[in-house]
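Visitor: Dumping the structure here so I can ask a few things about it.
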Amino acid sequence: MQSPRAPWAVTSTRGRLHSESEDGFRSPWQRDRDRIIHSRAFRRLQYKTQVFVFHEGDHFRTRLTHSIEVAQVARSLARRLELDEDLAEALALAHDLGHPPFGHAGEEALNTSMRSYGGFAHNVQSLKHVTLLERRYGGFDGLNLSWETLEGLAKHNGPVRRPAAYLARYNAEHDLELQSHASAEAQVAAIADDIAYNNHDLEDGIRAGIFRLDEVTELTLPREALEAARAAHPGMPAGRAAPEMVRRVISRMVNDVVEETGRRIAMLNPRSADDIRHARAPVVAFSTPMAEANGAMRAFLHERMYRHFRVNRVTQKSKRVLQVLFQLFHGGPQMLPDEWRARAGEAGTAGAAEVVCDYIAGMTDRYALEEHRRLTDPHTGG
């Protein structure tokens, strides 16, 4: 059951770009959540890489499991802060819809390929999926989500001073007030992403043998969490130590966000959701010590995991796959499936580049590898 709402929670919607009557049984953000879950882009997250490619193991996180874990943290935070849980959950579930195959390697590859055409950013691509690329409804392209959900996706990382081309085009039609902060619910979803991402990558790195548990405990926060876990469970089997450590770190981070947000709210004394949007700084945040601890975890992961030779090898292969696909399709859009070919237009143009990028960004890891094989292996049929 939804907690009582704080005065600065989102309590009403500014509507949708295409007018629809609400169904009376669900809030606008419950409806948004349901549309996101039923979208093709959401289903494809099951086979999109977090760090490890899909065939490397059944127990590593994917974009789908990560999104579900972010949603869980976001709902917990929203409930404790007396915000709208459904809006926070919808944003958490949608925030990675624009991620291409192969995680950050795929994003880097597409950004390089699109350098002459405005680049590529998965946050903008997430908005593009829910406003244009999903085609399930008779009356409009996209999912026709509420203004509040679209605002949160557009401003996932805060105010947007220099919007990318698609975001600028969309914003001209449907003003998302890009210069302001997003709602507190959107800020909750963003910080829940940070919490889930770093902690679960630590756990996956240990499971994959990229680094050992004793190496992780060089970091103060994980070390303290592990010591507490071992004190609470003497003789705990070794395989349970990392999950117990991560669980405690997440709890400490959530508690810290609640306390720091309470402090900032008390200083700001907001009366409405718009007061949150027009504050000078985000209100949902880590305390300074926790932000430093989170930064140390991120730095550890970049050094010990994301730059590990095993990950580097997969990264380079993955980039090459997407770069080859982009070059082939951009130079020969007649090889695209019918619907995409009709939209691409002439080979080598900016319009063709955008359509090819959209096509590739929607692929799963597995489909990208299959397309690469079909287009480069002379012994494989089209």
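Visitor: For the structure I just gave you, tell me whether LEU322 is modelled with pLDDT under 95, under 21 Å from the mean Cα position of the chain (by Cα) and within 28 Å of GLY119 (Cα to Cα).
Guide: No.
Visitor: Could you check, for the range 71-80, whether at least one of its residues is in contact (Cβ under 8 Å) with a residue 12 or more places away in the chain, under 27 Å from GLY262 (Cα atoms), β-branched (Val, Ile, Thr) and outside any loop (DSSP other than H, G, I, E, B)?
Guide: Yes, the conditions are met somewhere in the range 71-80.
Visitor: If I go through the range 214-227 residue by residue, how many of them are crowded, with 16+ Cβ neighbours inside 10 Å and in a helix (DSSP H, G or I)?
Guide: Here the count works out to 6.
Visitor: Answer with yes or no whether ARG310 is under 22 Å from GLU108 (Cα atoms) and surrounded by fewer than 17 Cβ atoms within 10 Å (Cβ to Cβ).
Guide: Here the answer is yes, as ARG310 does meet what is asked.
Visitor: For the range 175-194, which positions are surrounded by fewer than 24 Cβ atoms within 10 Å (Cβ to Cβ) and farther than 20 Å from HIS278 by Cβ?
Guide: ASP193, ASP194
Visitor: Conditions first: (1) β-branched (Val, Ile, Thr); (2) within 21 Å of ILE276 (Cα to Cα); (3) in contact (Cβ under 8 Å) with a residue 24 or more places away in the chain. VAL160 passes all but one, so which condition is the exception?
Guide: It fails just one condition, (3).
Visitor: Oh, and also: Within the range 255-287, how many residues are within 25 Å of the chain's Cα centre (by Cα), assigned to a helix (DSSP H, G or I) and not aliphatic (A, V, I, L, M)?
Guide: Here the count works out to 7.
Visitor: Does the range 294-312 contain at least one residue that is polar (S, T, N, Q), in a loop (DSSP other than H, G, I, E, B) and not assigned by TED's automatic domain parsing to the domain that holds GLU148?
Guide: Scanning the range 294-312 turns up no residue that is polar (S, T, N, Q), in a loop (DSSP other than H, G, I, E, B) and not assigned by TED's automatic domain parsing to the domain that holds GLU148.
The values are calculated or read from the model by the stated rules, or taken from the named source; none is laboratory data. Bear in mind the structure is a predicted one, so any value in this text is a computation, not a measurement. Note that we place each Cβ from the backbone using ideal geometry, even for glycine, and neighbour counts take in every protein chain shown.
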